[in-house]
Amino acid sequence: MPSSDSSRRPNRRLVCQRVRPVLEAHDSVPAHSAAVFTTEGDVQVKAGAQGARFILLAGKPIGEPVVQYGPFVMNTREEIEQAIRDYQDGTLATA
């Protein structure tokens with residue numbers, strides 16, 4: 001996934017489920033954990049003797065601030081606080 005523009009390079013995470021896949025540098029990722037990669041180069045994963053089960057997530061950066069608190073992800077702390085108030089009031093989502 002190489003790109004000449006770093007602002008367009010994807011963010012990449014590997015989320016392991018049951019076993020430890022081996023990454024290109026002979027590092028392993030423990031089961032039930034995640035690895036975060038740089039934006040440089042390709043990601044190469046090799047299954048061990050027990051195989052491997054993982055999810056590789058990738059996406060282009062959105063170029064906006066990101067604030068996370070519990071299950072809430074917004075752009076500002078104020079938006080997080082409003083989402084919490086809305087959740088507590090039962091008005092977070094309407095069907």
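Bear in mind these aren't lab numbers, they're just calculated from the coordinates by the rules spelled out. Predicted model only: the values in this text are computed from it and were never measured. Cβ: placed from backbone, ideal geometry, glycine included. Neighbour counts: every protein chain shown.
How far apart, in nm, are the 7 Å Cα→Cβ label points at residue 45 and residue 69?
3.3
For residue 29, list long-range residues whose amide hydrogen, built 1.01 Å from N in the peptide plane, is under 5 Å from its own amide hydrogen.
For residue 29, the qualifying residues are 23.
Neighbour counts of other C-beta atoms within 10 Å: give me 91, 76 arranged from fewest to most. Intermediate results must be reported in sequence, preceding the final value.
Working: 91 9, 76 12.
Going from sparsest to densest Cβ surroundings: 91, 76.
Obtain the nm distance between the two label points defined at residue 88 and residue 31 by a simple spin-label model: each point lies 7 Å from its Cα along the Cα-to-C-beta direction.
It works out to 4.0 nm between the two label points.
Please report 28, 33 as a ranked list, fewest other C-beta atoms within 10 angstrom at the top and most at the bottom.
33, 28
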